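The values are calculated or read from the model by the stated rules, or taken from the named source; none is laboratory data. Note that the coordinates shown come from a computational prediction; the quantities given were computed from them, not determined experimentally. Using ideal geometry, Cβ is built from the backbone for each residue, glycine included, and neighbour counts are taken over all protein chains shown.
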Amino acid sequence: MLGGVVLTIFDRFYVQPQKYAVLQRTVDAMHEHAVQLIPINNDSTIAKDIEYIQYDKKNSKITVLLKQQRRCVTPYLVGRLSGPTLAKVQWEQHENAVVGHFHLFEPGVYFVEIIVINCDAELTNNMNFEEICLEDPKRHRITEKNSTITALTKFSGSEALTNPIGAWYFEGDERPKQVYTRYQPAECFQLTDNIPVSCNNMAPLDLTRFDPYKFKFASDLDLKDHLKGKEGRVCYVGASHGNMLAYHTSKILNEIQNINVTVDYCGHCKGKLFVAKYAEYLTKPSVIRKIIKKNCTKVVIGTGQWDASSQEGHPTSFKDYESHLKVAMELLLSMLGQNNIELYFRSTHYIPINAKTSACPPIDWRNPPVIDKYNEITKRLCKFYNITLFDTNDIVGVTWDRAKDWSHLNNTSGKIEAE
């Protein structure tokens, strides 16, 4: 009898707590390693190509597992998380899967949207991309509406991701809502401002989705203190996107007193419109001499918009783009260097999906896969020639669909990029 009581007491106060502790650790481990299935949008153009979409909480990894037999062999995906902050998903292509990582500044519940741009994610230098069509933007979302994931840690994502320079934080009065990708339906395309009445309140066109988010830099850089005692003349070279950057930079500098830093835009050098709108133009010594005459101390060059546009009826091939940039960089380093002018390049901006880029075949090629390839070429050559590249993807990449006119960052994103 006494032995039974002792065993009962021993079990209650020693064995069972041990069992509960083991059970709790097991539950914690399951929670830590838990995977969550993200619902598939069955109306998506590639829904039948997908086995499942899975979120790995511990590793902050999203996996889109593809069926072995599929129409869309290498889908180019764009993913955005929206909640306490905005975050862009960076994707890696595998044989039968696309794996995404992200970097968050705040933990919490996030809406997740993944869209498919086209089925040719692995573009090569020799590939002719003129006939590659985008997936229908009305059916390109592969995740179900209002799908969410929970980020368990503050800094989530792959260690391979570089630390972002900042993030867009939610500062709205209400709870965050899903930030869906903005696009221009074909029926809403007009060369003038006479947009059909039916498009006035159409959800895909709405810009207010970005209003609750404000950008905060990761470091407490005081621009006024940073520029104190500095002097010089910064020249943006390129087409209209360079002009917009010069405009935003000039406004920022005008608000800071007692500095001797000025800004100019070299697109209308000597009265010639867009002297450097194509990468090929920068291979001409006469063009670079016009830049030098602007008396710049620093030159920031951006190309790619016109190269991928419909202005000449067809885009600049990747092979030609790389060839032009290589010649241009060598010439710029030589001629600007002789005049003690510092040379910089900047990444090419994305533009939102519009009626021209989503036409089939396209009549404008400024879509994310093409811009990514141009930027990859620029980054590789800048590294080879030891030229500093300003990559502002942390700022404008996650709000890539924000441009009101479907091209230019004449908004908060443009101002933050200039800062």
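Which ones in region 283-315 are outside any loop (DSSP other than H, G, I, E, B) and closer than 24 Å to PRO369 by Cα? Walk me through it before giving the result.
Start the filter on region 283-315 by keeping residues that are outside any loop (DSSP other than H, G, I, E, B), which leaves 283, 285-292, 298-301.
Answer for region 283-315, where residues must be outside any loop (DSSP other than H, G, I, E, B) and closer than 24 Å to PRO369 by Cα: VAL300, ILE301.
On the basis of being modelled with pLDDT of 85 or more and in a helix (DSSP H, G or I), does LYS19 make the cut? The answer is no for LYS19.
Say whether the condition of being at pLDDT below 95, assigned by TED's automatic domain parsing to the domain that holds MET244 and under 23 Å from SER240 (Cβ atoms) is met by at least one residue in region 322-331. Within region 322-331, not a single residue is at pLDDT below 95, assigned by TED's automatic domain parsing to the domain that holds MET244 and under 23 Å from SER240 (Cβ atoms). For region 47-96, the tally of residues that are surrounded by 22 or more Cβ atoms within 10 Å (Cβ to Cβ) and in contact with a Cys (Cβ under 6 Å, 6 or more places away or on another chain) stands at 1.
Filtering region 64-75 to residues that are part of a strand (DSSP E or B) and out of contact with any Asp or Glu (no Cβ under 7 Å at 6 or more places or on another chain) leaves only VAL64.
Kindly check whether there is at least one residue in region 122-138 that is in a strand (DSSP E or B), crowded, with 22+ Cβ neighbours inside 10 Å and modelled with pLDDT of 95 or more.
At the first step, the residues of region 122-138 found to be in a strand (DSSP E or B) are none.
The answer is no; no qualifying residue exists.
Of the residues making up region 302-320, just one is among the charged types (D, E, K, R) and surrounded by 22 or more Cβ atoms within 10 Å (Cβ to Cβ), namely ASP307. When you check TYR344 against the structure, is it part of a strand (DSSP E or B), farther than 17 Å from ASN126 by Cα and out of contact with any Asp or Glu (no Cβ under 7 Å at 6 or more places or on another chain), yes or no? Yes; evaluated as a whole, the condition is true for this residue. Count of region 362-385 residues, restricted to those that are outside any helix (DSSP H, G or I) and closer than 17 Å to THR181 by Cα, is 2. Taken residue by residue, region 321-333 has no member that is within 26 Å of GLN184 (Cβ to Cβ) and within 17 Å of the chain's Cα centre (by Cα). Go through region 106-117 residue by residue and tally those that are surrounded by 19 or more Cβ atoms within 10 Å (Cβ to Cβ) and either out of contact with any Pro (no Cβ under 6 Å at 6 or more places or on another chain) or part of a loop (DSSP other than H, G, I, E, B) (or both). Counting residues in region 106-117 that are surrounded by 19 or more Cβ atoms within 10 Å (Cβ to Cβ) and either out of contact with any Pro (no Cβ under 6 Å at 6 or more places or on another chain) or part of a loop (DSSP other than H, G, I, E, B) (or both) gives 6.
So that you can scan it fast, the table gives a plain yes or no per residue for (1) modelled with pLDDT of 85 or more; (2) surrounded by 15 or more Cβ atoms within 10 Å (Cβ to Cβ); (3) touching a helix residue (DSSP H, G or I) at 6+ places or on another chain (Cβ under 7 Å); (4) aromatic (Phe, Trp, Tyr):
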| residue | (1), (2), (3), (4) |
| --- | --- |
| ALA218 | no, no, no, no |
| LEU253 | no, yes, no, no |
| GLN257 | no, no, no, no |
| VAL263 | no, yes, yes, no |
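Of all residues in region 287-302, those being touching a Lys or Arg at 6+ places or on another chain (Cβ under 9 Å) and either outside the structural domain of THR357 (by TED's automatic domain parsing) or under 18 Å from ALA418 (Cβ atoms) (or both) number 6.
Picking from ALA355, ALA403, ALA359, which residue would you name as being among the small types (Gly, Ala, Ser) and either buried (at least 19 other Cβ atoms within 10 Å of the Cβ) or in a strand (DSSP E or B) (or both)?
On the way: ALA355 fails: either buried (at least 19 other Cβ atoms within 10 Å of the Cβ) or in a strand (DSSP E or B) (or both); ALA359 fails: either buried (at least 19 other Cβ atoms within 10 Å of the Cβ) or in a strand (DSSP E or B) (or both).
Selected residue: ALA403, the only one of ALA355, ALA403, ALA359 that is among the small types (Gly, Ala, Ser) and either buried (at least 19 other Cβ atoms within 10 Å of the Cβ) or in a strand (DSSP E or B) (or both).
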